[in-house]
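Report on the following structure.
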Amino acid sequence: MRALVVEDDARIADMVSAALTAAGFRAETVADGETAWFQGGTEDYDLVILDLGLPRLDGLTLLKRWRAEGRAFPILVLSARGTWSERVEGIEAGADDYLPKPFMIEEMTARARALIRRAGGQAQPVHRMGALAIDLNRMTVQRDGLPVAMTPLEFRLLSYLLLNRDRIVAPSELVDHLYGTEDGREANAIEAIITRLRRKLGAAAIQTRRGFGYTLGGDP
Ligand code: CA
């Protein structure tokens, strides 16, 4: 899961980014509205955390522009301006959730996770698939009731397939969401993670559609 944190207060940006990283996201931080506009328009994020008071381009304008351009990523708005009228304005402009400052970091993480689940059509944090139980909150997997040891990368790949299980996911998209484009890694790194996941979860857990990509196998 890739998250963009748009916040000009470095202390809050660091705190949010650390919490998201601990929750299994790959977090990138930008400190002004124009850079955010560029990043959000060219890169594909699973979640955006957006402060409203930003230099160069304010958060509300940014939000409206993204939605007008058809950018559909879930957006959690953070703002010191907690009055009801601004809250309504933010939500009408296309925010998915709104958290007034100051906030508890645990609440931010819980709301971020809930947004990701809703965006992926998973209202429940634990998803069962045959012998597998995948817990998106605790970042754990059980097979036949027994815990399966997973690396963060393996879990991120598995949860991305889970949240996009209605379609085939191309290897290049997985590279983008797991490593980011600046990393320069190749799709064969993905192949290696898929092989390890099949060994741990069963060969049928992930299906390959040759030439297209991957999809989760088996019905719950
Ligand atoms: Ca600010």
Among the residues of region 9-50 satisfying the criterion of being without any contact (Cβ under 8 Å) to a residue 40 or more places away in the chain and open to solvent by less than 10 Å² (accessible area, probe 1.4 Å), which is nearest to the chain's Cα centre (by Cα)?
GLY40
ASP58 vs. criteria open to solvent by 20 Å² or more (accessible area, probe 1.4 Å), over 17 Å from THR109 (Cβ atoms) and in contact with a Leu (Cβ under 7 Å, 6 or more places away or on another chain)
yes
VAL6 passes all but one of the listed conditions (1) surrounded by fewer than 21 Cβ atoms within 10 Å (Cβ to Cβ); (2) within 14 Å of the ligand (Cβ to nearest atom); the exception is number (1)
Boolean, ARG65 is surrounded by 15 or more Cβ atoms within 10 Å (Cβ to Cβ), more than 21 Å from GLU173 (Cα to Cα), more than 16 Å from the ligand (Cβ to nearest atom) and not hydrophobic (A, V, I, L, M, F, W, C):
yes
Can we say LEU78 is over 30 Å from ARG167 (Cβ atoms), of a type outside the set (Asp, Glu), open to solvent by less than 30 Å² (accessible area, probe 1.4 Å) and touching a Leu at 6+ places or on another chain (Cβ under 6 Å)?
yes
So how many residues does region 32-62 have that are within 16 Å of the ligand (Cβ to nearest atom) and either touching a strand residue (DSSP E or B) at 6+ places or on another chain (Cβ under 6 Å) or under 15 Å from GLU92 (Cα atoms) (or both)?
10
Determine whether region 79-98 contains at least one residue that is closer than 23 Å to GLU173 by Cβ, out of contact with any helix residue (DSSP H, G or I) (no Cβ under 8 Å at 6 or more places or on another chain) and away from the ligand (no atom under 16 Å from the Cβ).
no
Of these, THR140, THR151, which one is β-branched (Val, Ile, Thr), at pLDDT below 90, over 16 Å from ASP44 (Cβ atoms) and surrounded by fewer than 15 Cβ atoms within 10 Å (Cβ to Cβ)?
THR151
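Does ARG113 count as open to solvent by 60 Å² or more (accessible area, probe 1.4 Å) and among the basic types (Lys, Arg)? Reasoning before the result, please.
Values: open to solvent by 60 Å² or more (accessible area, probe 1.4 Å): no; among the basic types (Lys, Arg): yes.
So ARG113 does not fit the description; no.
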Given (1) part of a loop (DSSP other than H, G, I, E, B); (2) modelled with pLDDT of 90 or more; (3) open to solvent by 40 Å² or more (accessible area, probe 1.4 Å), where does GLU106 come up short, assuming only one miss?
(1)
Quick check: anything in region 16-31 within 13 Å of the ligand (Cβ to nearest atom), at pLDDT 90 or above and touching a Pro at 6+ places or on another chain (Cβ under 9 Å)?
yes
SER85, sole failed condition from (1) surrounded by 14 or more Cβ atoms within 10 Å (Cβ to Cβ); (2) modelled with pLDDT under 90
(1)
How many residues does region 154-181 hold that are surrounded by fewer than 20 Cβ atoms within 10 Å (Cβ to Cβ), of a type in the set (Ser, Thr, Tyr) and closer than 17 Å to ALA192 by Cβ?
2
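The values are calculated or read from the model by the stated rules, or taken from the named source; none is laboratory data. Just so it is clear, the structure is predicted and the values come from calculations on it, not from any experiment. Note that we place each Cβ from the backbone using ideal geometry, even for glycine, and neighbour counts take in every protein chain shown. The area values use the complete protein model at the heavy-atom level, side chains included, leaving out ligands, DNA and RNA. Shrake-Rupley method; radii C 1.70, N 1.55, O 1.52, S 1.80 Å.
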